[in-house]
Amino acid sequence: MTPEITGRTAAEIVASVRELIERGSLRPGDALPSVRTLADGLGVNRNTAVAAYRQLTQAGLVMTLGRGGTRVADRSPVAQEGFAPDSVLRDVATGNPDPDLIPDPSTALAGAAGLRVLYGEPVIDPGLERWADAWMRADLAPADMRLTVTSGAGDAVERLLAQALVRDDGVALEDPCFLTSIHTVRVGGYRAVPVPVDDEGMTVAGLRAALAQGVRAVVSTPRAQNPTGVSLSERRARELRAVLRDHPFVLVIEDDHFSMLSRAPFRSLIGPDHRRWALVRSVSKFLGPDMCLAVTASDPDTAERLAMRLTPGTTWVSHLLQRLALALVTDPAVTAGIARAGAHYADRNRVFAELLSERGVPATAGDGLNLWVALPVPAREVSDRLMRRGWLARTGDEFSLGTVPASHRLRLTVHDLDDAEAERLAADITTAVAAAGGELRSV
């Protein structure tokens, strides 16, 4: 039974719902009456109920789920990447790069220091701008491009969505999805519209369905999709561009997070005539997560709006950090090390996938830092049994938006395991699968 909502004006209805939420009478996920039912029950005009629900949505108190109705917003935190705090278990759920493969910035830092930067000077270091222009332009079809530097890819995506959307606008997200994207959309009060991902990337039917629901933005990972490791095929990228051709003003954001480490070619959703677009490339995977810097290439209008979003807060990213990043990515020894790191991640993931397959749990290594492993039993059961054997793994449910079953998936970060540890984890996974009643398949 829904608690009674009262009020004769939109403001009174908003105050009533807010009070019910604060008192705990309405809890996250609880359904609110439809606009018609609420208006009839209170004896008010339908437009009054619509205005009240709009205000509640804009305040982040409720969310509209299309046919799912209007529900109290869930404010619980989304799982995040990184080491689990205070755990004595061997953590194979981190999503982190190998710290031993992150370049030492000491020498480059000494060379990057010295230049004093004052208010009013260009926000992008000229040297970084020249390098980044060539880096981004090589993979983009649109000729007119502008660059923006932000404090990491998450910062860029958050600001890109904020400059284009209002609360309750729909955002097409890959399903399963990168945890930071889920968190960004939820905190922004937008409506996540899942688009299934298969072996070739975001599906055409899924994107068409999302566009039919009126999404205002699409967030895509063209290669090394997290958690699946999938990269767009040339055919799929071409088909998706064809679908988007009829929606030139939908903001397309491509997060090429693995860029310089990737073993896959870059294939874009952004066609030559698309009007609202952004390609975001962070340096965190190959220069380290503490290098909070990302370069965004976008159409001029989006770049201008993005710059406006930067103005109220951190107007620019430290020029010291920009020059440090430039010094590293233009150092032949560092770029050779980045190439070796990319090969290492690919090789270790391949080896572990083979270890699992040999033991009856077929697995294939995609691109990226992680493995996305299908299990014949619920992943939660396997994860619980692995904990008893000293391992901390991450189940697929955390990445799921609901359209693609993920309850039988594990996402594993195994590239920093030595051979003996890898053998032991593979054996423990197969033992856990068998103990949970799963059938092991011979290859």
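Return yes when THR403 is touching a Pro at 6+ places or on another chain (Cβ under 8 Å) and either part of a loop (DSSP other than H, G, I, E, B) or surrounded by fewer than 21 Cβ atoms within 10 Å (Cβ to Cβ) (or both) and no when it is not. Yes.
Taking every residue in region 339-350 that is free of Cβ contacts under 8 Å to residues at least 60 places away in the same chain and closer than 12 Å to LEU371 by Cα and pairing it with any residue that is among the aliphatic types (A, V, I, L, M) and crowded, with 19+ Cβ neighbours inside 10 Å, at least 6 positions away or on another chain, the pairs with Cβ-Cβ distances below 6 Å are ARG350/ALA365. List every residue pair whose Cβ atoms lie under 6 Å apart, where the two residues are 6 or more positions apart in sequence or sit on different chains, the first residue falls within region 258-272 and is more than 17 Å from ALA297 (Cβ to Cβ), and the second residue, located anywhere, is open to solvent by 20 Å² or more (accessible area, probe 1.4 Å) and hydrophobic (A, V, I, L, M, F, W, C). If the second residue must be open to solvent by 20 Å² or more (accessible area, probe 1.4 Å) and hydrophobic (A, V, I, L, M, F, W, C), the pairs left are ARG263/ALA346.
Of all residues in region 100-114, those that are modelled with pLDDT of 90 or more have Cβ atoms under 7 Å from Cβ atoms of residues that are in a helix (DSSP H, G or I) and among the β-branched types (Val, Ile, Thr), 6 or more apart or on another chain, in PRO103/VAL334. Residues that are charged (D, E, K, R) and crowded, with 16+ Cβ neighbours inside 10 Å within region 263-310 comprise ARG263, ARG267, ARG276, ARG281, LYS285, ASP299, ARG305, ARG309, listed in sequence order.
Filtering region 2-20 down to residues that are of a type in the set (Asp, Glu) and farther than 12 Å from LEU38 by Cα, which residue is nearest to the chain's Cα centre (by Cα)? Across region 2-20, the extreme among qualifying residues is GLU19.
Filtering region 396-403 for residues that are within 30 Å of the chain's Cα centre (by Cα) and at pLDDT 95 or above leaves an empty set.
How many residues does region 98-126 contain that are outside any helix (DSSP H, G or I) and open to solvent by less than 80 Å² (accessible area, probe 1.4 Å)? Matching residues across region 98-126 total 11.
The values are calculated or read from the model by the stated rules, or taken from the named source; none is laboratory data. This one's a predicted model, so the numbers in the text were calculated from it and none came from an experiment. Glycine also receives a Cβ, built like all others from the backbone with ideal geometry; neighbour counts cover every protein chain displayed. Only protein heavy atoms, including side chains, enter the accessible area calculation; ligands, DNA and RNA are left aside. Shrake-Rupley method; radii C 1.70, N 1.55, O 1.52, S 1.80 Å.
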